[in-house]
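Worksheet: the structure to be examined is printed underneath.
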Amino acid sequence: MKKTLLASSIIATCTFNAYSVLADELISDDVQTDEQMLVTANRSQQDSFLALSANEIITREAIEQLQVTSVSDILKTVAGIHVANQGGAGQISSVYTRGTNSNHTLVIMDGVRVGSATLGSVNLSAISAQQIERIEIVKGPRAALWGSDAIGGVIQIFTKQHSQGEGSVSFGLGSNGLMQGAASIGFGNETHEYTLNVSSEKADGFNAYLSDPDNPYDINEPDDDGYKRQSVSVIGNSQFTDTISMKLVGRFEESNSDYDASYPDSPCWDDYTKVCPSFYANQQTAENYHVKVAGLYQTDKLSFEASIATNQDQGATYGNGILKGDADEIKTQREQFSLVGNYQLSEQTGFSFGTDWYQESVSTNTDKVSWQPGFQAWELDKRAVSAVFLQARHQANQFIFEVAGRYDDIENIGNESNYNASIGYQLPKNWLISINSGTGFKAPTFNDLYWPGSGNPDLRPESSTTNEVLLRKHAENSLIEISIYDTEVEDLIAWNPNEFGQWQPANINEADMQGIDINYSGNYQNFDYQLAFTFVETEDKSTGKALLRRPKFNTNIVVNYHWQEWLFGTIVSYRDEAKDSGNVDLDDYWIVDFTTSYQVNDALKLAGKVSNAFNKSYQSALNYQADDTQYHVSVSYAF
């Protein structure tokens, strides 16, 4: 039945596209907009249609129409991406790109590598959507240009910008005590143009974890798990001469969220007076920021960008008898430098090249092994990574060739060499087909390598090889992209007993992911629409079973109808069944959301949304129940 569903979906999509080709006039090759320009795929600006890697650009307008609260909610609508939530907004979410692990997607904000060097991932549900200008998603390995983590793909988030004197103000209310407020303003002059963004958000939340009353070791905290966060950012550029400019971006986000402890019977097992271990905590604070300064030299054929950046990923846990002043804090600090050059040898041939360097350091304020003497933390708490890369791109008539290579030297681990090679062919009437092959890797985290008592300093990086066929068609009113891929990942890190019987991380697993992504978007008369369809089959080679929390089928359909000043939208989402810990089944589910907005005048807009309109109960992570039907209303003013 599911194979029939897959075949029917593909046939229906291709048939619909064929009808659209007959009805639409084709766009001119030389007419492009900023919304079609992509920088993440090749670290240089290019038309997204001509990029030989699967990609998607989510604009500010699309984000506003979705009326979501976090980045993870935005990504749920993207073909090839599955998001598993451990509760509502502000709680932990895991993003699986093309069936790879949740730490196999590189996340970049404004050109800065972000995330935890201890966990090796980014909690995208904690990033507010209110300050985002656009999101670029490139699927498939990009380690040949970006280095570690880019096995499943790369997600780059750009901060909102306004022209001088322009800005916006918004306020929203919703279920579970949700309150939102945001303001942005552009300032400066013709030479120096910058934007200031501020936002604040809070909600009482709901009790997301379903405890087992028959299990005395299960969590039992039937309280609401709320959150609050505040963000401020400054972004802009100064144009000193026709060829020399400077870019600046700074962003700070502070958050506090409630969650359920890892162990019951708080505050401690037997003695209410003693200091509780960290696994009894049920509140978390985070203070994350990034700052980047870049100088750009640009002529018709040559450009250089040199940038320095710093970012912090910090989390602290407390509650359930643990005072906030005694919170268990873990912090990643990352200093970065990049030099990226682009040289256009001719209209047909261009090169991208550069070097990256970053140093990661981790720290904590608490003893990680309290039963051993002394202060126990990571055996090594700092490492540097240096890399060089080169990419060449050549077009010969209808053929496009791309090849890229990168060499990474990772302190105390070794070196990694990766490549991407692609051949594309432009067929008549704006068709593009490409064949791609590439490798990727994920460096072990500090927890994997050096956690006291269990780290394994002999770990190797996880590595991958991906082969892909991509087909893309662009007409005046529609775009379809179909990608078929096969990814093999080796040396996956998993817990395993060593020769002494002690459990620790080891490179013991292999996995295979095969799938197809289909993304179709367009507009017809007063309608605009998007279909995102995903089929991915994963296999853990050691067991022959599917990887956890990876549904085979994902489908998202977004349809908007424009009538005078009104916009009416429907979002339909389907997630197939999946497995979670203990081989427990997670049932499949359908979710329907409704959105609407009314443009009162050129500046004032009213909007509203009903999420999970039919009150569907479901879980995307074991024992973490999704919220019931919710509503959200907002008012915004642009000037």
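The values are calculated or read from the model by the stated rules, or taken from the named source; none is laboratory data. Worth saying up front: this structure is predicted, and the values here are computed from it rather than measured. Positions of Cβ are backbone-derived with ideal geometry, glycine not excepted, and every protein chain shown enters the neighbour counts.
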From Gln372, Gln359, Gln348, residue being among the polar types (S, T, N, Q) and closer than 16 Å to Thr118 by Cα: Gln359
Filter result for the condition that a residue is part of a strand (DSSP E or B), over 24 Å from Arg334 (Cβ atoms) and among the hydrophobic types (A, V, I, L, M, F, W, C), over Val169, Val154: Val169
Residues (outside any strand (DSSP E or B), among the aromatic types (Phe, Trp, Tyr) and within 25 Å of the chain's Cα centre (by Cα)) located in segment 425-477: Phe446
Lone unmet requirement of (1) in contact with a His (Cβ under 9 Å, 6 or more places away or on another chain); (2) of a type in the set (A, V, I, L, M); (3) free of Cβ contacts under 8 Å to residues at least 60 places away in the same chain for Leu622: (1)
Every residue from segment 456-500 that is closer than 18 Å to Ala150 by Cα and among the small types (Gly, Ala, Ser): Ser463, Ser464, Ser483
Residue check, Ile482 under 25 Å from the mean Cα position of the chain (by Cα), more than 23 Å from Val403 (Cβ to Cβ) and not in a loop (DSSP other than H, G, I, E, B): yes
Unique residue being buried (at least 21 other Cβ atoms within 10 Å of the Cβ), of a type in the set (S, T, N, Q) and either under 21 Å from Asn101 (Cβ atoms) or at pLDDT 95 or above (or both) when the list is Asn507, Asn519, Asn496: Asn519
Test result for Phe279, on the phi < 0 side of the Ramachandran plot, part of a helix (DSSP H, G or I) and surrounded by fewer than 19 Cβ atoms within 10 Å (Cβ to Cβ): yes
Looking only at segment 481-491, and only at residues there that are buried (at least 22 other Cβ atoms within 10 Å of the Cβ) and of a type in the set (A, V, I, L, M, F, W, C), the one that is farthest from Gly515 (Cα to Cα): Val489
Boolean, Thr570 is at negative phi, in contact with a helix residue (DSSP H, G or I) (Cβ under 8 Å, 6 or more places away or on another chain) and of a type in the set (Ser, Thr, Tyr): no
Subset of segment 349-369 (residues that are out of contact with any helix residue (DSSP H, G or I) (no Cβ under 6 Å at 6 or more places or on another chain) and of a type outside the set (Ser, Thr, Tyr)): Gly350, Phe351, Phe353, Gly354, Asp356, Trp357, Gln359, Glu360, Asn365, Asp367, Lys368, Val369
Residues of segment 581-631 satisfying the condition of being of a type in the set (S, T, N, Q) and not in a strand (DSSP E or B): Ser581, Asn583, Asn601, Asn612, Asn615, Ser617, Asn623, Thr629
Residues that are surrounded by 18 or more Cβ atoms within 10 Å (Cβ to Cβ) and closer than 20 Å to Leu124 by Cα, drawn from segment 297-345: Asn311, Asp313, Gly315, Ala316, Thr317, Ile330, Lys331, Thr332, Arg334
Lone qualifier among Tyr598, Tyr561 - being modelled with pLDDT of 95 or more and touching a Leu at 6+ places or on another chain (Cβ under 6 Å): Tyr598
In segment 607-639, residue farthest from Leu547 (Cα to Cα) [restricted to those that are of a type in the set (A, V, I, L, M) and at pLDDT 95 or above]: Ala638
Qualifying residue in segment 579-587 (condition: touching a residue at least 40 places away in the same chain (Cβ under 8 Å) and either surrounded by 15 or more Cβ atoms within 10 Å (Cβ to Cβ) or touching a Cys at 6+ places or on another chain (Cβ under 8 Å) (or both)): yes
Filter result for Glu136 (touching a Leu at 6+ places or on another chain (Cβ under 7 Å), surrounded by fewer than 24 Cβ atoms within 10 Å (Cβ to Cβ) and assigned to a strand (DSSP E or B)): yes
Some residue of segment 362-380 being at pLDDT 95 or above, crowded, with 17+ Cβ neighbours inside 10 Å and within 19 Å of Ala309 (Cβ to Cβ): yes
The one condition in (1) more than 29 Å from Gln86 (Cβ to Cβ); (2) charged (D, E, K, R); (3) at pLDDT 90 or above; (4) surrounded by fewer than 17 Cβ atoms within 10 Å (Cβ to Cβ) that Glu287 fails to fulfil: (1)
Selection from segment 33-61 of residues that are over 12 Å from Ile137 (Cβ atoms) and touching a Ser or Thr at 6+ places or on another chain (Cβ under 9 Å): Glu35, Gln36, Met37, Asn42, Arg43, Ser44, Leu52
